[in-house]
Each structure stands twice: as structure tokens, then as C-alpha cells.
Amino acid sequence: MKTPRSLALAASALLIAGCGVLPEGPDPMPSDWVPTASASPAARAGAISPDGFSAAQRMTVRLRNIGCGFIATGTGFIYDSTTLITNRHVIENSRQIQVSTYNGTSLTTTAVSSTTVADIAIVRIEESVLTSFAKLAQEDPEDGDVITVIGYPNGGELTTVSGVVLGATSDPLDSSIGQVLLTSAEVEPGSSGSPVLNESGAVVGVVYAKTDDDRSLIVPVSTLRTLLNETSLLVPEALSCDTATGSSS
């Protein structure tokens, strides 16, 4: 039986903010070791509100990047009353970031920052009446752990998919320092920035890419915690067109 680590080394990845496609990479990974998800953590991630949404769904937001000659969509999640977490490539080359919640409420963006340490960005919003915030897990998930991804694939409806952690690998996109995690959860363009939850509903990672067989690559929560604790690693992003880099996405 092939180990999760050996499978992960063959990963060929795509950014999934609804805009970026990488050149053709290596052959698809073998698929002879794919554990089956046995539960949907999102169903237990906090109390269900009267409108039928769980806390995990209420904290997940849709992002729309009104960029320099393009429009792209992504996902993010609410960390606290003024902070959202998403991917760096979701907010790149943006003139305006539009944010909306599960019930269509619009949130006003005040600042954006990102890092080169990982494909992570922090979006600041005006103080809001939001009450559902992400709980970050203390440790990264282990191989075989059941996870759930909540997001807005293709900029559409709020969607939940489950999978399992397949193992750690070096980042095939070279967008992260250190290792990232490969999971069997299938994601689509627009899923970038989606929270990845464990069976207790705590965030264990952030989706940032997919392989050519639609599995997901995630930034582990340990990396996210480091960035939130070391704010010097975050650099403000100007919401304007960068003529030096053009308008592609």
C-alpha cells in the first residue's frame, strides 16, 4: 500500500480562486489509498440557528474580487468581529473586495494584508453585529482524520463537502514555506479560502488549491496561527491596479 506521503509528492496543483490555471504538470496521483469520510463535521459545528444554518456556515463568507480587468470569486471565514481570513491569490490585483454572508448581508472592507509565507490574506471589515466566529484548532489534523470544507464553489451557493486528510507534502505551487496538507475533499474554482473543519467544528486549515484530480490542498492551522501571532509577516495590500503586473488572474 502506498503511504499518504508518497501520494502527496506526486501532486500537481491548480489555484482555485475562479481565475488561475497552471501549466500542465505531472501525471495524476495514484488513487489506491483513499479512506472514506464517515461523518460530516459541519453538521455538528455549533448550534443550528432558527434559519437552519450552523455556526460553521454562518461564519463562512463569499468574496468577490473586482479586479483590474477581471472579476473573480473566492471564499473566506470570519475570525472575529473585524477580521476575515482568505487566500492571498483571492485578493491579488484588486480594486475592490466585496464580501457577503450566508444570508446576503454585505460587509464593508476597510483594509487587506497578505504574506509571502503562505497563500493567506487577512481582510479587515467594519465592526459588525456578526456572532459566529471561527475557532482555530490547537493542532494540525493527522492522516486519516475526517474533515469538512465549507465554501462557495464557482461563486454560487454555500456548499459543504467532506473528505479525509491524506498526508503532508511540500507545496507544489511554492506559495508556502514549509509543508501543506493534501485531502480527499473535492473542491472547485471559488473554493479558495474555504475553512477546513475537524469533527469538533474547529478550523484545521484553509483551502488554497486543488490537484488535477480535484483533491484539495490546504494551509495547516499551525501556519495560520503563526501568521496571526506574527503580524510583522503581513504586508498591507493596495486596492488598486498594478500596471507592472498587468490585469491577468
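The values are calculated or read from the model by the stated rules, or taken from the named source; none is laboratory data. Keep in mind the model is a prediction, meaning the values are calculated, not measured. Note that we place each Cβ from the backbone using ideal geometry, even for glycine, and neighbour counts take in every protein chain shown. We work out accessible area using only protein heavy atoms, side chains counted, and drop any ligands, DNA or RNA first. Shrake-Rupley method; radii C 1.70, N 1.55, O 1.52, S 1.80 Å.
Scan segment 169-205 residue by residue and report those that are in a strand (DSSP E or B) and in contact with an Asp or Glu (Cβ under 8 Å, 6 or more places away or on another chain).
Quick first cut of segment 169-205, residues in a strand (DSSP E or B) only: 169-170, 179-183, 195-197, 203-205.
Q179, V180, L181, V204, G205, listed by residue number.
For V219, the criteria (1) within 21 Å of T73 (Cβ to Cβ); (2) modelled with pLDDT under 90 hold in every case but one, which is (2). If the condition is being surrounded by fewer than 24 Cβ atoms within 10 Å (Cβ to Cβ), more than 24 Å from V99 (Cβ to Cβ) and in contact with a strand residue (DSSP E or B) (Cβ under 7 Å, 6 or more places away or on another chain), then segment 177-205 contributes Q179, S184, E186, N198, E199.
Check V165 against each of (1) in a strand (DSSP E or B); (2) within 14 Å of G76 (Cα to Cα) and name the one condition it does not meet. So V165 meets the others, but not (2). A single member of I91, I97, I71 is of a type outside the set (S, T, N, Q), without any contact (Cβ under 8 Å) to a residue 12 or more places away in the chain and under 18 Å from S240 (Cβ atoms), and it is I71.
Is it the case that segment 194-217 has a residue that's within 19 Å of E92 (Cα to Cα) and free of Cβ contacts under 8 Å to residues at least 60 places away in the same chain? For segment 194-217, residues within 19 Å of E92 (Cα to Cα) and free of Cβ contacts under 8 Å to residues at least 60 places away in the same chain: absent. Tallying residues that are more than 11 Å from S194 (Cα to Cα) and crowded, with 24+ Cβ neighbours inside 10 Å within segment 59-72 yields 2. Only a single criterion out of (1) open to solvent by 10 Å² or more (accessible area, probe 1.4 Å); (2) part of a strand (DSSP E or B) is not satisfied by V99, namely (1). The residues of segment 172-205 that are within 12 Å of the chain's Cα centre (by Cα) and farther than 16 Å from D145 by Cβ, listed by number, are V187, E188, P189, G190, S191, S192, G193, S194. Restricted to segment 102-113, and to residues there that are open to solvent by 70 Å² or more (accessible area, probe 1.4 Å) and either without any contact (Cβ under 8 Å) to a residue 12 or more places away in the chain or part of a strand (DSSP E or B) (or both), the residue that is farthest from S175 (Cα to Cα) is S106. Residues in segment 126-149 that are surrounded by 20 or more Cβ atoms within 10 Å (Cβ to Cβ) and in a strand (DSSP E or B): V146, I147, T148, V149. Screening Y152 on (1) open to solvent by 10 Å² or more (accessible area, probe 1.4 Å); (2) over 17 Å from L217 (Cβ atoms); (3) not charged (D, E, K, R) shows it passes everything except condition (1).
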